[in-house]
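Trainee: Let me give you the structure first, and then I'll get to my questions.
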Amino acid sequence: MPLAASGTSSLMLIIGVVIVVVLLALFYFGRRQVTRRPNPPQSPQPRADSWEEPHEEPPESR
């Protein structure tokens, strides 16, 4: 007498394999997108180390 669960388990296996393949494909294409981005500039940028907003006065030294 065959079990009805064997058809369900094979369907779940196929769905699991498809999900893993989709996740791996998304990871692969996401990594490709990251490598295509331009690198940030290596030279110092204006106000790169500033914590002040442009409209604020500089803090007074005591």
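Computed from the coordinates by the stated procedures, all read-outs in this text should not be read as laboratory data. Not measured: the values here are computed from a predicted model. Please note: Cβ atoms are built from the backbone with ideal geometry, for glycine as well, and neighbour counts cover all protein chains shown.
Trainee: Describe numerically, in nm with one decimal, the distance between label points set 7 Å from Cα along Cα→Cβ at Ile19 and at Arg37.
Mentor: With each label placed 7 Å out from Cα toward Cβ, I get 2.8 nm.
Trainee: Enumerate the calculated ³J(HN,Hα) couplings along the stretch 17-29 in order (Karplus 6.51 cos²θ - 1.76 cosθ + 1.60, θ = phi - 60°), each rounded to whole Hz, writing x wherever the residue is Gly or Pro.
Mentor: 5, 5, 4, 5, 5, 5, 5, 5, 5, 5, 4, 4, 6
Trainee: Still on this structure: Could you go through the stretch 11-16 in sequence order and give the Karplus-derived ³J(HN,Hα) for each residue, using 6.51 cos²θ - 1.76 cosθ + 1.60 with θ = phi - 60°, rounded to whole Hz, and x for Gly and Pro?
Mentor: So the Karplus estimates, Gly and Pro as x, are 5, 5, 5, 5, 5, x Hz.
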